[in-house]
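These notes concern the structure reproduced below.
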Amino acid sequence: MSYLCGMEPIRAPRYARHRFPAEVISYAIWLYFRVPLSLRMVEELLAAEGILVSYETVRQWALKFGQGFANQIRRSLPEPKDQWHLDEVVITIAGEKHWLWRAVDQHGAVLDILDQSRRNAKAAKRLLRKLLKKQGIAPRVMITDKLPSYAAAKKAVMPNVEHRQHRGLNNRAENSHQPTRRRERIMKRFKSAGQAQRFLSVHDQVANLFRRPANTNAAAHRQSRTQAIKIWAEVTGLAAGF
């Protein structure tokens with residue numbers, strides 16, 4: 001990160017009226033969404049670099065800039081593939097059971113998430129409609145577990161899409177919940193449905209950007225990571241990566 005190395009800080013227009021320069025703000029947001037750290041841990045890491053900023057300020061930065069960064073990342077990445085894997089997992093928010101619905105493509109890139117209080121056909125329809133609106137096109141095939149709600153929703157929303165229901169085929173979507181579980185533990189559970197939706201909407205897109213492609217060697221991984229850092233720099237308005 002150039003600011004930490006003593007170089008002249010960048011003053012991008014989107015960070016106008018902020019006391020800290022672009023490098024510090026974007027680095028703090030990257031730490032929070034990319035690395036499984038709490039806000040207080042991010043505060044300590046920044047303090048170790050000589051940057052004295054409170055965890056509450058980091059939280060405000062994440063709220064102000066996070067979704068905008070996520071939207072730009074989505075536009076910067078290749079189009080998702082034509083196979084959707086859908087799954088839902090239970091999470092507890094303020095003592096109440098919620099269901100986090102998630103869709104990924106066949107390579108594990110997260111397409112979208114939706115926090116809902118129900119696990120029924122109506123909830124499944126909401127997810128499918130949101131996916132169609134966001135992706136702009138229906139998939140070639142949809143893969144789910146054997147929850148009947150998926151079949152009912154597919155019939156109503158995407159009747160011409162092939163639907164495969166088998167628990168063993170849906171490991172891709174089930175595995176995509178693991179990073180959420182880690183963050184849920186570190187954050188000592190989400191405080192509200194809105195917080196969960198806001199955080200994960202950004203978290204999953206940042207994870208997509210820095211996700212290591214499957215079956216790649218070390219050289220290909222380094223090249224992919226370099227490209228991800230370049231895109232992050234462009235998204236956040238930095239002249240160079242950190």
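The values are calculated or read from the model by the stated rules, or taken from the named source; none is laboratory data. Computed from a prediction, not measured in an experiment: that's the story for all the values here. Note that each Cβ is placed from the backbone with ideal geometry, even for glycine, and that neighbours are counted across all protein chains shown.
Observations
- Restricting attention to the stretch 27-43 and to residues that are crowded, with 22+ Cβ neighbours inside 10 Å and of a type in the set (A, V, I, L, M, F, W, C), the residue that is nearest to Phe190 (Cα to Cα) turns out to be Phe33.
- Residue match in the stretch 202-209 (condition: in contact (Cβ under 8 Å) with a residue 24 or more places away in the chain, within 24 Å of Gly95 (Cβ to Cβ) and out of contact with any Leu (no Cβ under 7 Å at 6 or more places or on another chain)): yes
- If you go through the stretch 52-80 and pick out every residue that is assigned to a loop (DSSP other than H, G, I, E, B) and in contact (Cβ under 8 Å) with a residue 40 or more places away in the chain, you end up with 2.
- Restricting Arg189, Arg182 to those that are charged (D, E, K, R), surrounded by 12 or more Cβ atoms within 10 Å (Cβ to Cβ) and not assigned by TED's automatic domain parsing to the domain that holds Ala70 reduces the list to Arg189.
- Considered as a group, the residues in the stretch 144-162 that are in a helix (DSSP H, G or I) and of a type in the set (D, E, K, R) include one that is surrounded by the fewest Cβ atoms within 10 Å (Cβ to Cβ), and that residue is Lys155.
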